[in-house]
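Report on the structure given below.
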Amino acid sequence: MIVVMGATGNVGRPLVRALAAAGEQVTALSRRAPDAAVPAGVRYRRADLTDPESLRPAFRGAEALFLHDGGGGAHPFSPQDILDVAKAGGVGRIVLLSSQGIATRPQSSSHGSVGRSREDAVRQAGMDWTILRPGGFNSNDYAWVESVRAHRTVSAPFGDVGLPTIDPADIAEVAAAALREDGHAGQVYELTGPALNTPRQRAGKIGDALGEPVRFIEQTRDEAHAQMLRFMPEPVVETTLDILGNPTPAEQRISPDVQRILTRAPRTYTDWLHHHIAAFR
């Protein structure tokens with residue numbers, strides 16, 4: 001059995017589907033109930049990561065664990081306590097969804113220190129481990145849904161700075177491979193899309209998919225900062241804006257890891273839109 005934490009998230013949801021389709025027994029854990037039916041045969045449980053003992057029944061008889069905080073660090077939890085309970089339940093393989101910023105922004109309190117402590121806990125847990133470090137998600141553009149629907153506009157800072165954002169479904173497929181297959185123990189995979197995309201370009205592609213223009217409005221850093229503070233802690237906002245506005249060469253590098261593991265190219269932003277454009281209509 002494979003336990004998936006953050007099972008209602010942008011990565012967890014397609015991961016549960018992929019594992020179930022492959023015939024695996026899956027226990028899906030999340031803080032909130034799923035807003036759609038889980039695949040047939042999947043066992044769902046509400047999970048409180050701050051109370052690891054409450055997770056003990058879910059881990060009983062499990063062989064592998066996908067660990068993800070499900071909230072970008074907004075709900076602090078002890079990875080060591082969770083790992084201890086998982087190991088006691090029989091888990092011998094763990095895949096951690098981490099962040100590219102662990103390597104590219106090691107001095108950042110929001111990316112480097114907290115994320116590094118979680119990675120270190122996984123490395124030292126006495127189980128086979130694999131760490132996934134994706135860059136930005138294509139699904140972050142769901143933040144534009146309301147303005148696209150209402151006004152056919154997209155507002156974002158740094159309109160002409162490109163990053164190789166990734167389809168969360170590709171992250172899920174890499175995670176599924178690492179959870180099910182041998183040969184991934186002790187590996188750290190950096191996961192990106194196949195090309196750099198700027199906010200202005202992505203707005204144009206949304207318009208193309210809708211069949212009508214979507215106007216791009218460039219925000220100042222201060223405007224974006226004020227908007228992001230509504231749903232992100234200050235340190236995360238600052239680091240995110242630094243990445244969006246002044247990415248390092250490593251953050252703009254297109255990684256070969258998705259291609260190598262899945263033996264196909266990563267999905268493009270247009271591919272992602274094809275499956276999710278209904279959200280913007």
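The values are calculated or read from the model by the stated rules, or taken from the named source; none is laboratory data. Only a predicted model underlies this, so the values are computations on that prediction, with no experimental measurement involved. In this analysis, Cβ positions are derived from the backbone assuming ideal geometry, glycine residues included, and neighbour counts consider all displayed protein chains. Ligands, DNA and RNA are excluded from the accessible area calculation, which covers all protein heavy atoms including side chains. Shrake-Rupley method; radii C 1.70, N 1.55, O 1.52, S 1.80 Å.
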* Structure fact -> Given a 1.4 Å probe, the accessible area of the range 149-281 per residue, as a whole number of Å², is 49
* Choice from A195, A250, A172 showing the highest fluctuation, given a GNM over the chain with Cα pairs closer than 10 Å -> A250
* Taking H placed 1.01 Å from N in the peptide plane, check which residues at least 5 places from F137 or on another chain put their amide H under 5 Å from its amide H. => I166
* Along each of the three principal axes of the Cα atoms of the range 177-277, give the extent in whole Å, ordering the values from largest to smallest. => 47, 38, 25
* Ranking by accessible area, most exposed first, for H275, H68 with a 1.4 Å probe -> H275, H68
* Asked: Quick one: of the DSSP bridges fully inside the chain, what percent are antiparallel, nearest 5?
  -> 5
* To do: List the residues whose amide H sits under 5 Å from the amide H of I217, counting only those 5 or more places along or on another chain, with H placed 1.01 Å from N in the peptide plane.
  => V154, S155, A156
* With springs connecting C-alpha atoms under 10 Å apart, model the chain as a Gaussian network and identify which of G211, G135, G193 has the largest mean-square fluctuation. => G211
* Structure fact -> Under the Karplus relation with 6.51, -1.76 and 1.60 and θ = phi - 60°, whole-Hz ³J(HN,Hα) for the range 189-195, x at Gly and Pro, equal 10, 9, 10, 9, x, x, 7
* Enumerate the calculated ³J(HN,Hα) couplings along the range 144-159 in order (Karplus 6.51 cos²θ - 1.76 cosθ + 1.60, θ = phi - 60°), each rounded to whole Hz, writing x wherever the residue is Gly or Pro. => 8, 4, 4, 6, 5, 4, 7, 10, 6, 10, 10, 10, 7, x, 6, x
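Applying 1/(1 + (r/R0)^6) with R0 = 35 Å to the Cβ-Cβ distance of S117 and S147, what FRET efficiency is obtained, to the nearest 0.05? Intermediate values should be presented prior to the final figure.
Details: r = 37 Å, r/R0 = 1.05.
The value I calculate is 0.45.
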* To do: Please turn the phi angles of the range 243-250 into ³J(HN,Hα) values with the Karplus equation 6.51 cos²θ - 1.76 cosθ + 1.60 (θ = phi - 60°), one per residue in order, whole Hz, x for glycine and proline.
  => 5, 5, x, 9, x, 6, x, 5
* Structure fact -> Most fluctuating of G23, G159, G92 in the GNM of the chain (C-alpha, under 10 Å) is G23
* Give me Rg over Rh for the chain, both radii from the alpha carbons and Rh done the Kirkwood way, two decimal places. => 0.96
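Largest first, what is the accessible-area ranking of E63, E190, E223 with a 1.4 Å probe? Present the calculation step by step, with values, prior to reporting the outcome.
Numbers: E63 125, E190 45, E223 100 Å².
Output order, biggest surface exposure first: E63, E223, E190.
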* Whole number please: convex hull volume per residue, Cα atoms of the range 212-257, in Å³. => 153
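Roughly to the nearest percent, how much of the accessible area of the chain is carbon and sulfur, given a 1.4 Å probe? Please list the in-between numbers first.
Details: 6370 of 12850 Å².
The computed percentage sits at 50.
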